[in-house]
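All remarks here apply to the structure that follows.
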Amino acid sequence: MKGSRDSENVMSEGSMASDSMTSDPMTNDAMKASAALRVSAPGMLTTLQDGGRPGQGHLGVPPSGALDAMSLALANALVGNAPETGALEITLLGPTLVVEGGNCAVAVAGDVEMLLNDCRVDAFCSLWLRDGDVLKVRRVLSGARAYLAVAGGFRATPFLGSVATLARAGIGGFEGRALLADDRLELAAPGSGQASVGRVGEQHLPQREKRPIRVVLGPQAAHFARAKQARFFSAEWAISTLADRMGYRLTGPALASAKGHNIVSDALLTGSVQVPGDGQPIIAMNDRGTTGGYPKIATVIRADLARLGQMKPGDRLRFEAVDVAHAEALWRGRQQEFQAYLERLSG
């Protein structure tokens, strides 16, 4: 009976551990079978994402990739993958996956309710799954997203060097779209070395950081009177239902531009805060267009993009201004701290 094996499959903080957890080392020989994860139920929106394809804006191709790149890196570290290896990005309601044709090790990073063969298992630890096991990620408890990585990664054809799904263009991922029932996700050959089954990581949850989203003013902040700029920072904004991987439309006080809402189209970045004619800002996200013709009052700093990526319709936020030097220092500090943690986890 599969349910009786839960003590062999889970090891995490506050949960039981079994000696048999480490009796199945994830060697290359153990993974040579053509293992796959079959999608029994796809969840709300589950796509294959990796570190994205930056630097392709001149071709009109956005970066795509994980909206919470730090959680992606952590899920991958738990199964011995490189930080930007392709993994499943799970939005709000997760998939049900059935292991077929072999064994594999997986890990989920995110605040989720998750069952293995109908027994509760924890996120932030690597799990050893056998042929026929059923893993169900029922829902995301806080934030909007979680990431499921498998040792060795998924077998997918890169587009411009990335397997990230850009659904509106039909490229990357699994046939360029979100997962559907009965899809079969083939697992790639594992990398060299071994990933420790039962490895446990700290809970990294960007959504629990309660502070304003930090931005750098511009590049068209001068299009807005000082009173409008002040309103942008003093107001509490809500993420509307018109929010997806392309952009988050906000609702709040109207921010009319003194110079009109049309400009000559220029470069659009992930985190650009555009203000269209109705005065309601739109934050450009990973699947954004590469150019935009609305004035941009501010740009979200890179250090806060993971936290922004964990927000969902109905969430409320405020903005805080920082200068470029501070934004760069915050990013370097966060990266150094997180990289040191990943190295400790993998060591």
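The values are calculated or read from the model by the stated rules, or taken from the named source; none is laboratory data. Small disclaimer: the values here were computed from a predicted structure and weren't measured. Positions of Cβ are backbone-derived with ideal geometry, glycine not excepted, and every protein chain shown enters the neighbour counts. For the accessible areas, the whole protein counts, side chains as well, though only heavy atoms, and no ligand, DNA or RNA atoms are used. Shrake-Rupley method; radii C 1.70, N 1.55, O 1.52, S 1.80 Å.
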If SER162 meets every condition in (1) closer than 23 Å to SER34 by Cβ; (2) open to solvent by less than 10 Å² (accessible area, probe 1.4 Å) apart from one, which number is that one? (1)
Give me the pairs, please: first residue somewhere in segment 293-320 and more than 24 Å from GLN336 (Cα to Cα) and in contact (Cβ under 8 Å) with a residue 40 or more places away in the chain, second residue anywhere and of a type in the set (Lys, Arg) and surrounded by fewer than 24 Cβ atoms within 10 Å (Cβ to Cβ), beta-carbon distance under 9 Å, and either six or more positions apart or on two chains. PRO295/LYS259; ILE297/LYS228; ARG318/ARG211; PHE319/ARG214
Cβ-Cβ under 7 Å, sequence separation 6+ or interchain: first residue in segment 216-227 and in a strand (DSSP E or B), partner open to solvent by less than 30 Å² (accessible area, probe 1.4 Å) and among the aliphatic types (A, V, I, L, M). Which pairs? VAL216/ALA298; VAL216/ILE301; VAL216/VAL322; VAL216/ALA327; LEU217/ALA298
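Filter segment 71-89 for residues that are open to solvent by 20 Å² or more (accessible area, probe 1.4 Å) and either more than 24 Å from GLU175 (Cα to Cα) or of a type in the set (Gly, Ala, Ser) (or both) and give the result. Before the answer, list the steps.
Here is the first cut: in segment 71-89, the ones open to solvent by 20 Å² or more (accessible area, probe 1.4 Å) are 80-85.
GLY80, ALA82 - these are the residues of segment 71-89 that are open to solvent by 20 Å² or more (accessible area, probe 1.4 Å) and either more than 24 Å from GLU175 (Cα to Cα) or of a type in the set (Gly, Ala, Ser) (or both).
Residues checked against (1) in contact (Cβ under 8 Å) with a residue 40 or more places away in the chain; (2) out of contact with any helix residue (DSSP H, G or I) (no Cβ under 6 Å at 6 or more places or on another chain); (3) under 20 Å from ALA35 (Cα atoms); (4) open to solvent by less than 10 Å² (accessible area, probe 1.4 Å):
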{"site": "VAL106", "(1), (2), (3), (4)": "yes, yes, yes, yes"}
{"site": "VAL112", "(1), (2), (3), (4)": "no, yes, no, no"}
{"site": "LEU127", "(1), (2), (3), (4)": "yes, no, yes, yes"}
{"site": "ASP133", "(1), (2), (3), (4)": "yes, yes, yes, yes"}
{"site": "ARG145", "(1), (2), (3), (4)": "yes, yes, no, no"}
{"site": "GLY173", "(1), (2), (3), (4)": "yes, yes, yes, no"}
Among the residues of segment 307-330, what is the count of those that are surrounded by 14 or more Cβ atoms within 10 Å (Cβ to Cβ) and assigned to a helix (DSSP H, G or I)? 7
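Let me confirm something: among ASP29, ASP24, which residue is modelled with pLDDT under 95 and within 21 Å of ARG120 (Cβ to Cβ)? Give the derivation first.
Details: ASP29 fails: within 21 Å of ARG120 (Cβ to Cβ).
The conditions single out ASP24.
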Matching residues, segment 256-273, being in contact with a Pro (Cβ under 7 Å, 6 or more places away or on another chain), part of a loop (DSSP other than H, G, I, E, B) and at pLDDT 95 or above: THR270
Within segment 56-68, is even one residue open to solvent by 40 Å² or more (accessible area, probe 1.4 Å), in contact with a strand residue (DSSP E or B) (Cβ under 9 Å, 6 or more places away or on another chain) and at pLDDT 95 or above? no
Filtering segment 229-273 for residues that are open to solvent by 60 Å² or more (accessible area, probe 1.4 Å), charged (D, E, K, R) and closer than 29 Å to GLY57 by Cα leaves a count of 3
Being of a type in the set (Gly, Ala, Ser), within 17 Å of GLN229 (Cβ to Cβ) and not in a strand (DSSP E or B) is the filter here, so list the residues in segment 274-298 that pass it. GLY279
